[in-house]
Amino acid sequence: MSFWNSAVEKLETILADSGCEDGIVTLSVNHDADVCQYPKGVAMEGCFGGRIGQFITSEPVRANTRISFMFGAPLGNQKQRGAAGAIINTVSAFLCLTRRLRPCTPNSYAPCLAELSREVAGKRLYLVGPMPVLERALARQLVDTPDAADIILVAGDGMTSDSGVACIDEYREKKRMIFLGPSAAGASGLLSLEHWCPYGR
């Protein structure tokens, strides 16, 4: 069972007998939304009960779906996992389960990157998911395998690709792993994963 299935199970327990599990989440793409600087992709947004959650992905889904679609589902491909991520973030926003579910504005990009750079200074890093900003800014610290890393950084599609999910599941109990940005907020909150989003809203 992947970390996604664990997060869905936790959310299912929280929602049990609340009536929310039968609620409809609208998934759409918002090309004009502020987005986290780290993951590469577009903003897939979920809307439920007037609250919005975001997941940055290269495989967005547009749909109206019940929250319960995730319950017991294998979430076997990138589109399904990304949709689950957006739904988890949206429902987490509605239930006030986690903070910082909206991205910062571009004027916070520089201080966020500076703080993250200080946080991981002197450490060997492995990136899970495409992150052009970090590939440039932290190039001298990057290693080619998670085995060689001191810290694993995860964002966006790194949470949904087959290789990314396999890496997270294998190493999250063995290595320090930091999940970046609003895309990771819901799952991080449900599973008590280390989450980085100091300027998120």
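Numbers for the structure displayed
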| item | result |
| --- | --- |
| Some residue of the stretch 4-20 being of a type in the set (A, V, I, L, M, F, W, C) and closer than 18 Å to residue 180 by Cβ | yes |
| Filter result (aliphatic (A, V, I, L, M) and without any contact (Cβ under 8 Å) to a residue 12 or more places away in the chain) within the stretch 12-46 | 16 |
| Considering residues of the stretch 23-46 that are in a loop (DSSP other than H, G, I, E, B) and among the hydrophobic types (A, V, I, L, M, F, W, C) only, the residue farthest from residue 182 (Cα to Cα) | 33 |
| Residue match in the stretch 93-113 (condition: at pLDDT 95 or above, crowded, with 20+ Cβ neighbours inside 10 Å, out of contact with any helix residue (DSSP H, G or I) (no Cβ under 7 Å at 6 or more places or on another chain) and farther than 24 Å from residue 44 by Cα) | no |
| Matching option when the condition is among the aliphatic types (A, V, I, L, M), buried (at least 19 other Cβ atoms within 10 Å of the Cβ) and over 21 Å from residue 168 (Cβ atoms), among 29, 35 | 35 |
| Which numbered condition residue 181 misses (of (1) closer than 24 Å to residue 58 by Cα; (2) of a type outside the set (Ser, Thr, Tyr); (3) surrounded by fewer than 21 Cβ atoms within 10 Å (Cβ to Cβ)) | (3) |
| Conditions (1) within 19 Å of residue 9 (Cβ to Cβ); (2) surrounded by fewer than 19 Cβ atoms within 10 Å (Cβ to Cβ); (3) touching a Leu at 6+ places or on another chain (Cβ under 7 Å); number of the one not met by residue 142 | (1) |
| Criterion (over 15 Å from residue 184 (Cα atoms) and at pLDDT 95 or above) met by exactly one of 36, 20, 47 | 47 |
| Residues satisfying the stated conditions in the stretch 142-159, i.e. among the acidic types (Asp, Glu) and either modelled with pLDDT of 95 or more or over 21 Å from residue 37 (Cβ atoms) (or both) | 144, 147, 150 |
| Helices (runs of 4 or more DSSP H) wholly inside the stretch 100-201 containing at least 2 residues that are under 26 Å from residue 88 (Cα atoms) and within 14 Å of the chain's Cα centre (by Cα) | 162-171, 185-191 |
| Condition check for residue 49: in contact (Cβ under 8 Å) with a residue 40 or more places away in the chain and within 13 Å of residue 183 (Cα to Cα) | no |
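The values are calculated or read from the model by the stated rules, or taken from the named source; none is laboratory data. None of the values given here were measured: they were computed from a predicted structure. Using ideal geometry, Cβ is built from the backbone for each residue, glycine included, and neighbour counts are taken over all protein chains shown.
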